[in-house]
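These notes concern the structure reproduced below.
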């Protein structure tokens with residue numbers, strides 16, 4: 001029996017690639033470079049399935065050009081804002097994602113960014129690494145304490161709930177805004193806010209965990225940043241589009257926002273060079289899910305979805 005032809009657009013984990021090569025006729029981008037729109041369209045005529053990452057763009061324009069041979073896009077990501085779902089559906093192309101498996105890893109990065117931003121990690125590392133640490137006093141590098149502080153979470157889905165569980169280990173007081181209120185069991189003592197504005201007013205730390213949609217693009221603009229308590233800290237491990245980056249820079253430069261921790265940016269890869277001079281902005285290159293365990297789990301989840309599809313079953317994560 002002929003095996004389905006699969007294109008894997010980036011270099012995934014070794015375990016994922018081994019399983020894919022065992023079960024599919026695979027084309028793997030071992031060079032790990034970005035594929036152009038034309039390359040994506042050309043490959044769609046050669047394969048039955050694609051496992052892309054968030055870096056590959058399937059806009060309406062791309063969807064309209066895809067070959068009819070392509071039947072499924074099994075994303076190696078939770079977010080699917082790089083896919084025009086209605087356009088792909090209209091072409092009869094199934095789309096899946098990889099929820100559940102990266103929540104803890106991403107929540108760990110949110111905690112790292114929160115702690116690093118609060119305790120001057122960038123400035124401290126620079127001082128020691130550059131050989132310029134030649135002074136100490138009780139007023140030296142005094143930061144903001146995380147323990148017992150109020151944490152506001154925007155988007156109390158899987159990652160938001162994972163962060164809340166970890167933050168309770170720091171005795172943080174959890175507040176959240178979500179499209180719908182969680183059950184009391186899932187809230188686990190957290191305080192629900194019916195509006196984001198209400199949440200912002202009490203957030204010593206604010207962590208973003210909602211998807212990027214037309215409604216959430218620019219969510220944290222100048223007006224909403226101004227609602228945060230003076231000296232608060234913003235963390236974003238979701239999508240760069242949620243934050244008006246220049247409004248955030250202005251709030252940091254004014255001192256209203258004490259610090260920020262960012263794992264995602266409007267432009268990726270690359271980030272925003274305007275952040276670089278500010279050592280109270282702790283930045284990482286979108287590595288929230290970058291652990292061996294999670295990368296394997298993401299790859300296997302994508303392959304599970306493909307396996308189900310080609311058996312004629314409904315994939316678990318069909319969107």
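Principal axis lengths of the stretch 77-142 from Cα atoms, whole Å, largest first?
65, 21, 17
When the chain is modelled as a GNM with alpha-carbon springs shorter than 10 Å, which of 272, 132, 236 fluctuates the most?
Result for the chain, Cα springs under 10 Å: 132 fluctuates most.
If you build the convex hull over the alpha carbons only and average its shadow over all orientations, what do you get for the chain? Give it in nm² to one decimal. Don't jump to the answer; show the numbers that get you there.
Numbers: hull surface 73.1 nm².
Projected over every direction and averaged, the Cα hull of the chain covers 18.3 nm².
What does the extension gain come out to for residue 65 and residue 165, with contour length at 0.36 nm per residue minus their alpha carbon separation?
31.6 nm is the gain from fully extending residue 65 to residue 165.
Using the count of nearby Cβ atoms within 10 Å as a rough guide to exposure, how do 267, 62, 154, 235 rank from fewest to most? Could you put the intermediate results ahead of the total?
Values: 267 10, 62 20, 154 26, 235 30.
Ascending Cβ contact count within 10 Å gives the list 267, 62, 154, 235.
Which order, highest average first, do 119-127, 74-82 follow once you tally other Cβ atoms within 10 Å for each residue and take the mean per peptide? Write down the numbers at each step before the final one.
Details: 119-127: 16.4, 74-82: 21.3.
My ranking of the peptides, most packed first, is 74-82, 119-127.
Can you give me the distance in nm between label points at residue 276 and residue 191, each placed 7 Å from the Cα along the Cα-to-Cβ direction?
Distance between the two pseudo-spin positions: 4.1 nm.
Give, in whole angstrom and from largest to smallest, the semi-axes √(5λ) of the equivalent ellipsoid of the stretch 103-283, with λ running over the eigenvalues of the Cα gyration tensor.
On the way: eigenvalues 139, 71, 44 Å².
They are 26, 19, 15 Å, listed from largest to smallest.
How large is log10 I(q)/I(0) at q = 0.14, 0.18 Å⁻¹ when the Debye formula is applied to the Cα atoms of the stretch 52-99, each weighted equally and without solvent?
With one equal scatterer per Cα and no solvent, log10 I(q)/I(0) is -0.27, -0.46.
As a footprinting exposure proxy, order 136, 7 by other Cβ within 10 Å, with the fewest listed first. Don't skip to the end; give the middle numbers.
Working: 136 8, 7 22.
Lowest to highest Cβ neighbour count: 136, 7.
For the modelled label position 7 Å from the Cα of residue 215 along Cα-to-Cβ, which residues of the stretch 183-208 have backbone nitrogen atoms closer than 13 Å?
195-196
Once the Cα atoms of helix 245-254 and of the chain are each reduced to a long axis, what angle between those two axes, in degrees from 0 to 90 to the nearest 10, is obtained?
Result, in degrees: 10.
Output the Cα-based Rg and Dmax of the stretch 118-197 in Å, rounding Rg to one decimal and Dmax to a whole number.
Rg and Dmax of the stretch 118-197, Cα atoms, are 17.5, 53 Å.
Could you tell me the distance between the Cα centroids of the stretch 246-284 and the stretch 177-226, to the nearest Å?
Each part reduced to its Cα centre gives a spacing of 20 Å.
Please list the equivalent ellipsoid semi-axes of the stretch 65-179, computed as the square roots of five times the alpha-carbon gyration tensor eigenvalues, in descending order and whole angstrom. Could the numbers behind the result be given before it?
Details: eigenvalues 351, 80, 21 Å².
Equivalent ellipsoid of the stretch 65-179: 42, 20, 10 Å, largest first.
Arranged from highest to lowest average of other beta-carbon atoms within 10 Å per residue, in what order do the peptides 183-196, 96-109, 219-232 appear?
Details: 183-196: 13.3, 96-109: 21.1, 219-232: 17.4.
For the peptides 183-196, 96-109, 219-232, the packing ranking is 96-109, 219-232, 183-196.
Taking the DSSP beta bridges in the chain as the whole, what percent of them are antiparallel, to the nearest 5? It would help to have the intermediate numbers written out before the result.
On the way: 1 of 39 bridges.
Beta bridges within the chain, antiparallel portion: roughly 5 percent.
Per DSSP helix of 4 or more residues, -39500 (n - 2.57); summed, then divided by the residues of the chain. What does that give at 222 nm, rounded to the nearest 500?
Value at 222 nm, helices only, nearest 500: -10000 deg cm²/dmol.
Compute the Rg to Rh ratio over the stretch 1-92 from the alpha carbon atoms, using the Kirkwood formula for Rh, and round to two decimal places.
Value, to two decimals: 0.94.
Before anything else, pin down the relative contact order of the stretch 103-283: Cα pairs under 8 Å, at least 6 apart, normalised by residue count, whole percent. Before the final figure, lay out the partial values.
On the way: 331 pairs, mean separation 42.4, N = 181.
Value for the stretch 103-283: 23 percent.
Taking neighbour counts of Cβ atoms within 10 Å as a proxy for exposure, in what order, fewest first, do 53, 83 appear? If you can, show how the numbers build up before the last one.
Details: 53 17, 83 24.
With the sparsest Cβ surroundings first, the list reads 53, 83.
Going out from 0 in 5 Å bins, what whole percent of all Cα-Cα distances in the stretch 242-319 drops into each bin?
Here the calculated profile for the stretch 242-319 is 3, 13, 18, 14, 11, 10, 9, 9, 7, 4, 2, 0.
Bear in mind these aren't lab numbers, they're just calculated from the coordinates by the rules spelled out. Note that the structure is predicted; figures quoted are calculated from it, not measured. Here the Cβ is made from the backbone with ideal geometry for all residues, glycine too, and neighbour counts use every protein chain on show.
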